[in-house]
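As structure tokens, the structure follows; a few thoughts come after it.
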Amino acid sequence: MSEPDPKFAAQIDSDSQRTPVRVAFLTRRTSPHVKAREESTVMTLPEVIFRTAVAVELLAIALTLISLVWHAPLEQLADPMHTPNPAKAPWYFLGLQELLHYFPPVVAGVLIPTLVVLALTAIPYFNINLEAEGFWMRNRAARRHLFFIFLAVFSVVMVIFRVWAVLVPTLLIAGAMLWAARCAPDSPSRTGRWLASKPLAYWIMTWFLAQTVVLTVIGTFFRGPGWSWVWPWKS
């Protein structure tokens, strides 16, 4: 006769993780409660919704108090006979207004925003690097050739239109990508391993954020009358 499986041996233990297989005998004076570690998740309803509602209420109260103490940075009433120079859009549109300085209105105001929206809509439906592995992990030679071709065409277009505000961050991101191409996942350098593990989506988002920040900063602090270049400390 074979010995019983030790996993099913009778024992007294309330730790469900140490002994997940058990037979429990409950009497009137006992409880089926077992000890378990708290998980790092909470239920959406009602915990998260309640916390979100409290945060929204606190934010509304804070904004109300701030508006009572400090005046909003508004200018005088609009006068069609005296328009400001330069007439700047809100800060979240200044990057697009900066592009209007380089490209024709149809390109900067219609074509580029349309392509960005279509890309954000269509990219999730393509089978692009779903494993979130490093961009240079597979087909490194072929990807390097395509990368150089795309970078050369993009750089030529930027040079023709003299869009240095877009070209310089693009070259910096491209340099980081080429550095990542020379790194291996088992590189002794922590920076090398970190760069080698970054997927294509990471580089695209990094480039997009860098362009947004650079164009917005230029439009906010470095553009004066007639959208000419001015230094902030001389304006």
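No value in this document is a laboratory result; all are computed from the given coordinates. Since this is a predicted model, take the numbers as computed values, not measurements. Counting neighbours? That spans all protein chains shown, and the Cβs are built from the backbone with ideal geometry, glycine included.
Couple of notes before you dig in:
- Ranking of Glu98, Glu75 by count of other Cβ atoms within 10 Å, fewest first: Glu75, Glu98
- Summarising the label geometry, the points placed 7 Å from Cα in the beta-carbon direction at Val156 and Trp194 lie 3.6 nm from one another.
- Cα centroid separation - region 199-228 against region 83-99, whole Å: 13 Å
- With both labels modelled 7 Å from their Cα along Cα-to-Cβ, the Trp227 to Glu133 distance reads 4.6 nm.
- Taking a ≥ b ≥ c as the square roots of the eigenvalues of the alpha-carbon gyration tensor, region 91-234 is classed prolate because a/c is 1.5 or more and a/b outweighs b/c.
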